[in-house]
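Structure record follows, encoded as C-alpha cells.
Laboratory data are not the source of any read-out in this text; all were calculated from the coordinates shown. Model, not experiment: these values are computed from the prediction. Reconstructed Cβ throughout: ideal geometry from the backbone, glycine too, with neighbour counts over all protein chains shown.
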Amino acid sequence: MNAPMNVTTNANPAPAKKLRVATASLAGCFGCHMSILDIDERLLTLLDLIEFDRTPLTDIKRCGPCDLGIIEGGLCNAENVHVLREFRQNCKILVALGACAINGGLPAQRNHLDLRDVLEEVYQTEYLVSHGGIPNDPELPLPLNKVHPIHEVVKVDYFLPGCPPPADAIWKFLTDLLAGRTPALGHGLLHYD
Amino acid sequence: MSDTDTIDAVLDRHHRNGTRLMQILRETQEQLGWLSPATLTIIAKAVAWPRAMVEGTADFYSFFHTRPLGRYRVLWSDNITDRMLGNTDLMESMCKKLWLEPGRVSEDGLVSVDTTSCTGMCDQGPAVLVNYRPITRMTPARVGEMVGLIRSETPVAKWPVEWFAVDDNIRRKDILLDHGLVAGQALAAALELGAEKMLAEIKAARLRGRGGAGFGTGLKWEACRNAEGHGAHPAHYVVCNADEGEPGTFKDRVLLTSYADLVFEGMSIAGLVVGAKKGLLYLRGEYHYLLDPLESALATRRQAGLLGANILGTSFEFDIEIHLGAGAYICGEESALIESLEGKPGRPRIRPPFPVTHGYLDQPTTVNNVETLAASCLIAAHGSEWYARHGTEKSTGSKLLSVSGDCERPGIYEYPYGVTVRQVLEDCGAGFGKCDCQAVQISGPSGLCLTAAEFDRRIAFEDIPTAGAFMVFDESRDMFEVARNFAHFFAHESCGFCTPCRVGTTLVRNLMDKIANRHGSPYDIDELFKLHRLMQGASHCGLGNSACNPIFDTLNKFRPAYERRLMSLDYEPAFDLDAALSQARQMTGRDDAAAHFSAHLPNEAEA
C-alpha cells in the first residue's frame, strides 16, 4: 500500500464533523505511536478527516469527549489505570493498539516475579545502585502487583495486534472506521509480531 | 517381584504391541501405583514407540498418573446432579477430616481427594470413585467411616460391600428391556437370514444410532461392509462405544450390567453383517468395576458356542475384546475413541475418511452405541416390520432415558420414541404438583435446556434427539449454576487439539466465574454470545461446537439468573483493582488517597 489511498469522500459527501481522536501510550515503548506516524504522507489526508484531542502530538493533558481513543501499552501502575479510565469515559470507541495493550507484552515479563522482590532488588540490594530506598513520594504512581492488558480493566471495542501493528494496518483500520465499515484487517495486515 | 518384572509381565500379556498401550499403562499403574518416568521409558522401548508418544498418551488421560497420587485416591463425581445432592459439602468435610487440600496428596503419600467428571451414578449419588471403584449414595456418616478406613489403611477390597452397590433402578420397561430373548436366539435368527438379508432388515426397520446423532445404522453397516480392508492385514471391525461420558447418562451402565448378552449379541450380528471377525468394546474407565463380570459373560458365550470359531455350527467366526478407557469424555466421539483404541491420545480425527472405510488400524470399522447394538437383536429376532411398528415414522423403536435430578424416582425409563417430556416427568415423580419443575436438561450439557413451556415436545429425532440424559431441575435450582457447572466440565474435557475449543472453553469458564464472583457486566454476556458463535463455527469437533449450548440456552431462557448477578452496567475487571496496589502500598508504606483506586469509574474521586 505505497500510494496514498483515496479516502477523500467524493462519492459520499464529507462528514460535517471531523472525527475527534485521542491517543495515549501507557506501559509501552511508543513504538506503536511511531507506527502511527509511519503512515507517512497519508497523515495529511487523515488530518482533513480527523482532529486530535489528548495525544503526545498535541500535548493536551486531559482527554475531552472523543469519537475514538487509541491506547498503546498495558497497565503497570495506578496512573495508567487513571488515564485508561479517563479515555474509556470520554471515547465512544476504544482501541487497544499493539501487543502490550492486548496482552501486557514486554512489561508483563515481570509478572512471574513478586513485585516486592522486584522493588527490593532494584532499590535496596542490587550491586552498584545508590540504595536510596523504595521511592514513596505521593507524587509517584504506585506500580500494580501485576501488569494487565487493558481489556481486563475496561471494555475495549477493537484490538489491533502487532509489535508494532504495521502502519498500513492502522491506516486500514482508520479508513474503515471513517467509511462506516466494521474494520477488518485481513491477510498480511493481521499479525502478532 | 521387582517393578521391572511387573512391567515385563504386563508387556508380555499384550505382546509388546504399542496399539495396546492404553491397557499396558492401566495394568502397570494398577500394580505400581503410578507411571514414573522410568516406567514410561521401559514401556516405550518395549513397544518400540518414541518415548514422547508414550508420554503423550500417559499425560492425556485423567486416570493415568505421571506423578504419585497417594495410596488412596478419592474422586468425587462432580456432575450437577451430584452437586444438587450435596457433594461439595461432603467433599469439603472429607478434606477437613484428612487435613487435605483438594487435588493435593497428603504429606505421607497416603491419600488425595479431588473431583472428576460425571461417573454415571446420577440416580444414586453423590458418588465417588475410590481407587477407581465406585461408591454410591455418600452421606456424612459414610464420609466419617471412610476417613477412618483410609487412616487405618484398610484395603479398599475390605470396605463394607454395601457401599459398592450399584443399582439398576429400572423404572419402566418396553420392548428392549422386556425383550424375552434367550442368549443366542437373535444371533441364530440372524445367521438363518444371512448377512445380506440381515442388513436389509436393519435398513427396513429404520434403526438409528442411539448415541444422539441418529445416523442410520443400516447405512453405516452397509458402507462398512462395502469398504475393502487394505494393507498387510485387511480386516473389518465392530466397535461398541461404551464410553458413556455425557454427564447425566447411565443407560449403558445398566445395559452392560443386566443385558450384557444382548449387547454382545448385537455386536456379533454387526460382525456378521459387515464381515468382521473381531469386535471391541470400549468401556469407559469409570466402569472398570464391570470388567470382570463382562469378561465372564464373554467366557460363558464362548463356552456356549456363541463366540469364537464356527458360531452355532456355522462358518461364522467372531470374538470380542474389552478395552478400558481412562477418563476422557472426548473418547465418546467415534474417531477419538478409535485413536484411543490404538493407544493414542483421544483426539478426533479429521474426516473424511470416515471410520467405515478407515477406522481401527485404518481398516473399515463400524462404531455403534451400546443401545443401538442391543436394539439390533430385536430386529433380528422379530423382524423389521414388527420393530418399525414401535416409535414414530422417523424414529422407530424405543429409547432408554437416564432420569436424574429433582424427581421422586430417578433411574432408567424405556419409552417408545415420541413420548412427551411431560409424560416422563409425570412418571418419574416430577410432574405437576409433585415438584415445581422449572427445567429439564436433555442429552447432557451439550444438549438442550427445556423450560416448562416446552414440556409437550417429544423425544424423537423429529423433535428432540437425545443420547438419553434427562436431568430435572425444580424451582429451587439456580440455572446459572447449572450452566456454570457445565462450563467447567467442558473446559476440563476439551482435548486441547484446536485453539477455538481449547481457549474458548477456558474463556467461557472464566467469564462464568467472573459473573458468579459478582464482577460481571453486560459486556461479559455479549462476550459469551460471541464465543458461542465462534466456537460453534470454528471448532474441530462436536465438543467445541456444542460446548456453549448450555450457556446459550440458559442465557435465552433464564436470563434473569445471569442479570441479577451483574455488578453494574459499566465494564468491571474480573479482579479487585484496589488490591492490585497492595504490594506497592506495603513496600512504600503509603496509604494516601493516590495509593488507592476509587471503586468506580468517575474521575472526580481521583482528582
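Give me the percent relative contact order of region B:208-271, please, defined on Cα pairs under 8 angstrom at least 6 residues apart. The partial results should precede the final answer.
Working: 26 pairs, mean separation 14.7, N = 64.
It comes to 23 percent, rounded to a whole number.
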Note, region A:153-165: 3J(HN,Hα) by Karplus (6.51, -1.76, 1.60, θ = phi - 60°), whole Hz, Gly/Pro = x, goes 10, 10, 6, 10, 8, 9, 10, 10, x, x, 9, x, x
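With the Cα gyration tensor of region B:3-60 giving a ≥ b ≥ c as the square roots of its eigenvalues, does the rule (a/c under 1.5 for rounded; else a/b larger than b/c for prolate; else oblate) give rounded, prolate or oblate? Provide the component values of the computation, followed by the final result.
Numbers: a/c = 1.40, a/b = 1.11, b/c = 1.26.
Here region B:3-60 falls in the rounded category.
Can you list which of the GluC sites (Glu not before Pro) found in region A:121-193 are DSSP loop residues with at most 11 other C-beta atoms within 10 Å?
When the GluC sites (Glu not before Pro) of region A:121-193 are filtered for loop state and at most 11 Cβ neighbours within 10 Å, A:126, A:139 remain.
Between residue B:350 and residue A:118, what's the calculated FRET efficiency when r is the beta-carbon distance and R0 is 45 Å? Round to 0.05. Walk me through the numbers on the way to the answer.
Values: r = 46 Å, r/R0 = 1.03.
Efficiency computed from Cβ-Cβ geometry: 0.45.
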For region B:72-167, shape from the Cα gyration tensor axes a ≥ b ≥ c, cut at a/c of 1.5 then a/b versus b/c, turns out oblate
With the 8 Å Cα cutoff and a minimum separation of six or more residues, chain B has a relative contact order in percent of 13 percent
Quick calc, chain A, dipole around Cα centre from Cβ unit charges on Lys, Arg (+) and Asp, Glu (-), nearest 20 debye, gives 780 debye
Rounded to the nearest Å, the spacing of the alpha-carbon centers of region B:192-271 and region B:82-122 is 38 Å
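Could you check what % of the DSSP bridge pairs in region B:394-518 are antiparallel, to the nearest 5?
On the way: 16 of 21 bridges.
Approximately 75 percent, going by the DSSP bridge assignments.
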Once amide hydrogens are built 1.01 Å from N within the peptide plane, the residues lying 5 or more places from residue B:118 or on another chain with amide H under 5 Å from its amide H are B:78, B:79
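Fewest Cβ neighbours within 10 Å first, please rank A:122, A:81 accordingly. Don't skip to the end; give the middle numbers.
On the way: A:122 11, A:81 24.
Ordered from fewest to most neighbouring Cβ atoms within 10 Å, A:122, A:81 come out as A:122, A:81.
State which helices in chain B qualify, where a helix is a whole DSSP H run, it must extend 20 Å or more along its own axis by its Cα atoms, and its mean Kyte-Doolittle hydropathy must be at least 1.0.
Working: long enough: B:260-274 (21 Å, 1.63); B:479-493 (21 Å, 0.09); B:499-516 (25 Å, 0.15); B:522-538 (24 Å, -0.38).
Helices passing the filter in chain B: B:260-274.
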Non-local residues with an amide H under 5 Å from the amide H of residue B:322, with H modelled 1.01 Å from N and Pro and chain starts lacking one, are B:281
To the nearest 20 debye, the protein assembly as shown has a Cα-centred charge dipole, built from +1 on Lys and Arg Cβ and -1 on Asp and Glu Cβ, of 1260 debye
Given the candidates B:35, B:164, B:189, the one whose Cα lies deepest towards the positive end of the charge dipole of chain B, counting +1 at each Lys or Arg C-beta and -1 at each Asp or Glu C-beta, is B:189
In order over region B:228-242: 3J(HN,Hα) from phi, Karplus 6.51/-1.76/1.60, θ = phi - 60°, whole Hz, x for each Gly or Pro, gives 9, x, 9, x, 6, 10, x, 6, 10, 10, 10, 10, 9, 7, 10
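Just rank B:82, A:40, B:108, B:524, fewest to most, by other beta-carbon atoms within 10 angstrom. List each step's numbers first, then the result.
On the way: B:82 27, A:40 11, B:108 8, B:524 22.
Ascending number of Cβ neighbours within 10 Å: B:108, A:40, B:524, B:82.
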Amide H proximity to residue B:369 below 5 Å, modelled H, separation 5+ or other chain, gives B:210, B:211, B:241
Which of A:146/B:530; B:197/B:220; B:158/B:251; A:17/A:92; B:97/B:251 exceed 26 Å between C-alpha atoms? The answer is A:146/B:530; B:158/B:251; B:97/B:251
Expected sort for B:71, B:133 with the fewest Cβ neighbours (10 Å cutoff) up front is B:133, B:71
Of the residues B:381, A:52, B:299, the Cα lying farthest along the dipole of the protein assembly as shown towards its positive end, which is defined by charges on the beta carbon of Lys, Arg, Asp and Glu, belongs to B:381
